[in-house]
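Here is the structure we will look at.
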Amino acid sequence: MPLPLFSLKKRQELYFGLFLKEDQGIAFIFEEKGGRLNILNKEKFRYSNGWENLIDDVDEVIFRMEKETKTHLEKTIIFIYSHLVDDKTKEIKRPYLNIIKDLFKNLELKPLGYIETYQGVVDYLEKEEKMALTAIVIELDKTNLSVFIYKVGKKVFSQSVGRTDQLIEDLLEVFEKIKGTILLPSRIILYNSTDLDSASTEILAYRWPNDLFLHLPRVEIISEEKLCQSLISVFEDQIKQEEEPDSVSIEPKKEVLGFVVGGDITDKQKEEVAEIVSQKPKFKIPINFGLLMNKLNFFSIKKIKINLPKFQKLFWFIGLGLIAFSLFLTEFYFHRANLVVYLPTKKISQTINYDFDLSSPKGEEFRIQVATISGEFDQNKTVTGKKEIGEKAKGEVVFHNFSDLEKTFNRGTILETKGIKFVLEEDVKVASASVLSDNSAKIPGKAKGKVTANEIGPEGNLLKGQKFTIDNLSPNTYFAINENSFGGGNKKEVKTVAKADLEDLEKSILSLAKKQLDEKIVSQLNNKEKYIKELTNYQFKETNYSKEIGEEASEINLKAKITGSYYYYNQDEWLTFLTKSLSKNIDTDFSLDRKKINYQWKKASLKDNKITLEADVSATLMKKVDEKRILNSLIGKNVALLDKLLKSDFGALGYEINIDPQWVLIKNYLPFFKKNINLKFSNL
């Protein structure tokens, strides 16, 4: 017969999911029923101080979700955007990976791996449409975007770039890299941005070059609800693959981050798994209760002649000893309690100023380090300048002089007809007028001269017989007529490099450099070092333009070397400094946990080698209690006495307790061994 003391109630498998973005996240509790995953609970949360306080933020979310669902979370899957993953190694980028590892370690979670979000989107679309995907999938985060191009279900291109306020310029930057090699699909799919409607409108309204798209692209939006459902679906498929009979399932106790669920485990991870599997348990108790019961039944069935009265005490002793031994094992190894005590808290806030002299850092309790960084960048831009080029019309005119004196017209004299001005190319001397012998008419002096139109264009191409005025002279005395047509005038408009093009290109490449160098800085620092972004100053070290201002061109290229100085500090040193500063105004009855300190840079400036910092700091204080005294008072206590004990003796506001296992004899009592009581303090 089975022993009721060792029976356990079977529970459905639970998984904890974390969808991590740049400044916010979504937490899930998944419950597996009949091979399907259902959302037991879901909560969106915004980071209190970026990724720096992610562990505290997730801890609070887990606490609320566990309290609401009365569950305990361990197995965890991470969903992330692709710009957080190194495209070459396919591992989470080092700064984020270090934070996620610390998250699993501090919150005692078991990592299953990570899934890139776009995989869920593609899987969802192909299942819904029942056909291989051909589309451009665009993943939008706060300051980054990723582009994935699929042709008949195959990913042919992918890239992540920094995001600016100009979405079209960002996409053109990506598309230019594959221009002429891939004809882009005319279907664009957007997901997860704060303003998807605006983004889709911008894409639809833009006139894309014909060499990029064969047809005008259409835009579709994946809602956040569908996005979350697609992530659940792809995770569900991974779990089913892991549970296939032919597959080998190994769940190591060490960190397994860095490989996608369902993917291959690296040799290093296999060695870590083998090391854990090969470890021998500390205790091994070779007791087979089924075999023991069979032996006892064998003696009763065979009715061997034994003088029971003589052995009655021995049987009772053995029976009681087994029961006592079982109770001891249960109490020592299995009986556990998780107790959260809610203590009174109060919040404080303060603006803290700090001045640091870079020239004399010795002796400072909080030091700021300085380092340099540089990079070479290359970027193109379509020019916006315009100018007209062409030829001036030319021809010959006959000057008429009706005055009684000889007249000389100097080179550069302006002639005009129909509003069109011409310039005399050479000096022309015209004789005076003469009278016919019969005095019947006055004959003007005449001379020929070559003229050129003052402006380029076909307007100067005149028919013969046009009358020209000459400077400000009286047209009745002096004028000119062309006896032949003028020709050669033409004009066209061309694109040229404008000064604004150079300025815009410098701004664009500097913005690109800031994003890429900022990421490089973060990757160079360890997880305890933080840099003050506000103090970073980037400058052009070298610039090389492909064209000059005014030069005819369709686009201009800038190759530049950009350098900068960045300033960073040790997070532990800064928190120690803040703790000392805040502790001056803390009541003796309350304690400050540095993990509960949040800060936001309000001001950071550098002048004459001196750094001035100003930060808004807030913290949650908790009432001081004697943890050892509380533990000693809890040993073996009935749960019914906790309310009075904790509230009356220690001033607690409340508590929450979970006892495992839920067996009849022990479910209402705390363990007798302090090591089995997991005591935590928190605030309501």
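The values are calculated or read from the model by the stated rules, or taken from the named source; none is laboratory data. Just so it is clear, the model here is predicted, and its values are computed rather than measured. Positions of Cβ are backbone-derived with ideal geometry, glycine not excepted, and every protein chain shown enters the neighbour counts.
Considering only the range 593-610, state which residues are out of contact with any Ser or Thr (no Cβ under 6 Å at 6 or more places or on another chain) and either crowded, with 16+ Cβ neighbours inside 10 Å or polar (S, T, N, Q) (or both). Walk me through it before giving the result.
Keep residues of the range 593-610 that are out of contact with any Ser or Thr (no Cβ under 6 Å at 6 or more places or on another chain), which gives 593, 595, 597, 599-604, 606-608, 610.
Matches in the range 593-610: 597, 599, 600, 604, 606.
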- Can you name every residue in the range 383-416 that is on the phi > 0 side of the Ramachandran plot and either without any contact (Cβ under 8 Å) to a residue 40 or more places away in the chain or touching an Asp or Glu at 6+ places or on another chain (Cβ under 8 Å) (or both)? 412
- Note on the structure: Of the residues in the range 129-143 that are touching an Asp or Glu at 6+ places or on another chain (Cβ under 7 Å) and either basic (Lys, Arg) or buried (at least 19 other Cβ atoms within 10 Å of the Cβ) (or both), the one that is farthest from residue 201 (Cα to Cα) is 133
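Please indicate, with yes or no, whether at least one residue in the range 502-516 is over 30 Å from residue 537 (Cα atoms), in contact (Cβ under 8 Å) with a residue 60 or more places away in the chain and among the polar types (S, T, N, Q).
No, the range 502-516 contains no residue that is over 30 Å from residue 537 (Cα atoms), in contact (Cβ under 8 Å) with a residue 60 or more places away in the chain and among the polar types (S, T, N, Q).
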- Find all pairs meeting these conditions: Cβ atoms under 7 angstrom apart; at least six residues apart or on different chains; first residue within the range 417-434 and in the same structural domain as residue 398 (by TED's automatic domain parsing) and more than 10 Å from residue 460 (Cβ to Cβ); second residue polar (S, T, N, Q) and loosely packed, with under 15 Cβ neighbours inside 10 Å. 427/408; 427/410; 429/408
- Query: What is the one condition in (1) acidic (Asp, Glu); (2) over 28 Å from residue 46 (Cα atoms); (3) at pLDDT 85 or above that residue 139 does not satisfy?
  - Reply: (2)
- Note on the structure: Within the range 357-378, residues being surrounded by 18 or more Cβ atoms within 10 Å (Cβ to Cβ) and at pLDDT 90 or above number 0
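Rundown of residues vs (1) under 30 Å from residue 657 (Cα atoms); (2) modelled with pLDDT of 75 or more; (3) in a helix (DSSP H, G or I), yes/no style:
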residue: 290; (1), (2), (3): no, no, yes
residue: 294; (1), (2), (3): no, no, yes
residue: 297; (1), (2), (3): no, no, yes
residue: 312; (1), (2), (3): no, no, yes
residue: 323; (1), (2), (3): yes, yes, yes
residue: 330; (1), (2), (3): yes, yes, yes
residue: 347; (1), (2), (3): yes, yes, no
residue: 352; (1), (2), (3): no, yes, no
- Message: List the residue pairs whose Cβ atoms are under 9 Å apart, where the first residue sits in the range 638-656 and is on the phi < 0 side of the Ramachandran plot, the second is part of a loop (DSSP other than H, G, I, E, B) and of a type in the set (D, E, K, R), and the two are 6 or more positions apart or on different chains.
- Response: 639/667; 645/637; 650/626
- Message: Contact list please: Cβ distance under 6 Å, first residue in the range 98-124 and closer than 14 Å to residue 233 by Cβ, second residue charged (D, E, K, R) and assigned to a strand (DSSP E or B), pairs at least six apart or on different chains.
- Response: 118/139
- Message: Restricting to the range 531-554, and then to whatever is closer than 30 Å to residue 569 by Cβ and surrounded by fewer than 16 Cβ atoms within 10 Å (Cβ to Cβ), can you tell me which residue is farthest from the chain's Cα centre (by Cα)?
- Response: 541
- Message: Within the range 624-634, does at least one residue satisfy the condition of being under 33 Å from the mean Cα position of the chain (by Cα), surrounded by fewer than 17 Cβ atoms within 10 Å (Cβ to Cβ) and outside any strand (DSSP E or B)?
- Response: no
- Message: Cβ-Cβ distance below 7 Å, separation of 6 or more or different chains: which pairs start in the range 557-573 with a residue that is part of a strand (DSSP E or B) and end on one that is aromatic (Phe, Trp, Tyr) and surrounded by fewer than 16 Cβ atoms within 10 Å (Cβ to Cβ)?
- Response: 560/540; 562/540
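Of 325, 366, which residue is in the same structural domain as residue 556 (by TED's automatic domain parsing) and of a type outside the set (Ser, Thr, Tyr)?
Numbers: 325 fails: in the same structural domain as residue 556 (by TED's automatic domain parsing).
Going through 325, 366 in turn, the sole match is 366.
For the range 579-594, which positions are closer than 17 Å to residue 346 by Cβ and not in a loop (DSSP other than H, G, I, E, B)? Walk me through how you get there before you give the answer.
Our first condition is that a residue be closer than 17 Å to residue 346 by Cβ; within the range 579-594, this holds for 579, 582-594.
Correct list: 579, 582, 583, 590, 591, 592, 593, 594.
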